[in-house]
Amino acid sequence: MGDIGGPTIKYDFVNELCKPGSTSCGRSTGQALALTPTPTSAVANPSPTISIEVAQTTEASFDLISSRDSRELFNGVLKTFVDRAFETVWNRSDRPIARQQVSRSWLWGPTGLMARAESYLQVGGGLRQVQYFDKGRMEINNPRANRQSSWYVTSGLLVRELISGRMQVGNNEFVEREPSSGPLAGDPGDAVGPTYASFSSLIGTRSYDRTGANVDQRIQRDGSVIGFDGLSTPATTFAKYIPETGHNIPQVFYDYLTKRDVVYVNGRTTQGLVMDWVYTMGYPISEPYWTRATIGGSEQWVLVQPFERRVLTYVPNNPSAWQEIGRAHV
């Protein structure tokens, strides 16, 4: 149990007592508290992620009760969906894949991986429900919002957080950490390709409209950028400039983002956009770069571009249906 920070953090607490039907509440303010460190053995899943766990269990549910919000949150491994709203988002793109109605790469992944109750200051009780998938994170930041809204569930800004080291814990609140040293484009443990930290000095730099030009730069593992145009093709010609963040998207990625195919909507299979790409991927936060990375156990060329929520990679040697993959390590 605790709050953001170390085990000896001090904080003040406010308790509001509201009678049912009353518009006024009595308020009492407590003294500053010194927290007692919790023994490691009593913590179910020690992790840098800010969360609440139930002692000595790997899968558990608990009631979070406050004067403004009362709901059940879940912490633990979960291969289904912790909320039906998450399932609705997943269904559109990935249900047809699971039912073998279409052959393409997963947008989220075949199953859920982990459900967490994570800190978010604007939610009653200070916790939001999130669920991690192989390629992203779904969140409910306002459980009292309209569940029919397309933005009731949001896709986590994982890539921006991993590159910047700034973990968002509220609408405008962040915890400062180090950029991730995990591989951005290669296999787990890849020691060749760039890491998320390799892009940390690039995400604040805007480019200009280069529509029609070709990707002609390469990023090294240390974050340095050098000229490179040895793999220029029509697929790597810039097709779209995004003024919101000041970056260009190559043709191969823009085709993937705007792809129409078999989707599942309102209880039936139909044809439509596989994704709302701004909702799912976010805006690009750097230019695309060629790099060398270990993919499938072998070192090869890969085109990478980080977006706010996912990283897009283009591996020319892959089969066509799996050349462009939206990913984010979770």
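Can you name the residue in the range 74-90 that is open to solvent by less than 20 Å² (accessible area, probe 1.4 Å) and touching a residue at least 60 places away in the same chain (Cβ under 8 Å) and, of all such residues, is farthest from Glu118 (Cα to Cα)? It comes out as Ala85.
Contact map, the range 278-293: first residue closer than 11 Å to Phe199 by Cβ and assigned to a loop (DSSP other than H, G, I, E, B), second residue open to solvent by less than 20 Å² (accessible area, probe 1.4 Å) and of a type outside the set (Lys, Arg), Cβ cut-off under 6 Å, separation 6 or more or different chains; pairs are Ile285/Pro306; Ser286/Phe199; Ser286/Pro306; Glu287/His247. Checking the structure you have, find out if any residue of the range 251-258 is farther than 16 Å from Gly186 by Cβ, touching a Ser or Thr at 6+ places or on another chain (Cβ under 6 Å), at pLDDT 95 or above and open to solvent by 10 Å² or more (accessible area, probe 1.4 Å). Looking for residues that are farther than 16 Å from Gly186 by Cβ, touching a Ser or Thr at 6+ places or on another chain (Cβ under 6 Å), at pLDDT 95 or above and open to solvent by 10 Å² or more (accessible area, probe 1.4 Å), one finds at least one in the range 251-258, hence yes. Among the residues of the range 181-197, those identified as closer than 27 Å to Glu139 by Cα and either modelled with pLDDT of 95 or more or open to solvent by 30 Å² or more (accessible area, probe 1.4 Å) (or both) are Ser181, Asp187, Pro188, Thr195, Tyr196, Ala197.
Please determine whether any residue of the range 254-273 is within 25 Å of Gly165 (Cβ to Cβ) and among the hydrophobic types (A, V, I, L, M, F, W, C). Taking every residue of the range 254-273 in turn, none turns out to be within 25 Å of Gly165 (Cβ to Cβ) and among the hydrophobic types (A, V, I, L, M, F, W, C). Filtered by the rule that a residue be more than 10 Å from the chain's Cα centre (by Cα), in contact (Cβ under 8 Å) with a residue 60 or more places away in the chain, at negative phi and not in a loop (DSSP other than H, G, I, E, B), the range 124-158 gives a lone residue, Leu127. For Tyr152, the conditions (1) open to solvent by 60 Å² or more (accessible area, probe 1.4 Å); (2) within 22 Å of Asp83 (Cα to Cα); (3) at pLDDT 95 or above are fulfilled apart from (1). When the range 92-106 is filtered for residues that are under 18 Å from Tyr256 (Cα atoms) and of a type in the set (S, T, N, Q), the ones remaining, listed by number, are Ser93, Ser103, Ser105. Considering the conditions (1) within 18 Å of Arg104 (Cα to Cα); (2) part of a strand (DSSP E or B); (3) among the polar types (S, T, N, Q); (4) at pLDDT below 95, Asn317 is excluded by exactly one of them, (2). Residue by residue through the range 230-255, note down the ones that are of a type in the set (Asp, Glu) and out of contact with any Asp or Glu (no Cβ under 9 Å at 6 or more places or on another chain). The one that is of a type in the set (Asp, Glu) and out of contact with any Asp or Glu (no Cβ under 9 Å at 6 or more places or on another chain): Glu244. Being touching a His at 6+ places or on another chain (Cβ under 7 Å) and either under 25 Å from Pro316 (Cα atoms) or open to solvent by 60 Å² or more (accessible area, probe 1.4 Å) (or both) holds for only one residue in Pro284, Pro288, and it is Pro284.
A single member of Leu121, Leu113 is under 30 Å from Arg260 (Cβ atoms), touching a residue at least 12 places away in the same chain (Cβ under 8 Å) and either outside any loop (DSSP other than H, G, I, E, B) or out of contact with any Pro (no Cβ under 8 Å at 6 or more places or on another chain) (or both), and it is Leu113.
Total residues in the range 294-314 satisfying the condition of being surrounded by fewer than 23 Cβ atoms within 10 Å (Cβ to Cβ) and not in a strand (DSSP E or B): the figure is 3.
If we scan the range 230-247, do we find a residue that is of a type in the set (A, V, I, L, M), out of contact with any Leu (no Cβ under 7 Å at 6 or more places or on another chain), at pLDDT 95 or above and part of a helix (DSSP H, G or I)? Within the range 230-247, not a single residue is of a type in the set (A, V, I, L, M), out of contact with any Leu (no Cβ under 7 Å at 6 or more places or on another chain), at pLDDT 95 or above and part of a helix (DSSP H, G or I). Scanning the range 200-224 for residues that are touching a residue at least 40 places away in the same chain (Cβ under 8 Å), closer than 19 Å to Glu244 by Cα and not polar (S, T, N, Q) turns up Leu202, Ile203, Arg206.
Val215 passes every criterion in (1) open to solvent by less than 30 Å² (accessible area, probe 1.4 Å); (2) under 22 Å from the mean Cα position of the chain (by Cα) apart from (2).
The values are calculated or read from the model by the stated rules, or taken from the named source; none is laboratory data. Note that the coordinates shown come from a computational prediction; the quantities given were computed from them, not determined experimentally. In this analysis, Cβ positions are derived from the backbone assuming ideal geometry, glycine residues included, and neighbour counts consider all displayed protein chains. Note: areas computed on protein heavy atoms with side chains; ligands, DNA, RNA excluded. Shrake-Rupley method; radii C 1.70, N 1.55, O 1.52, S 1.80 Å.
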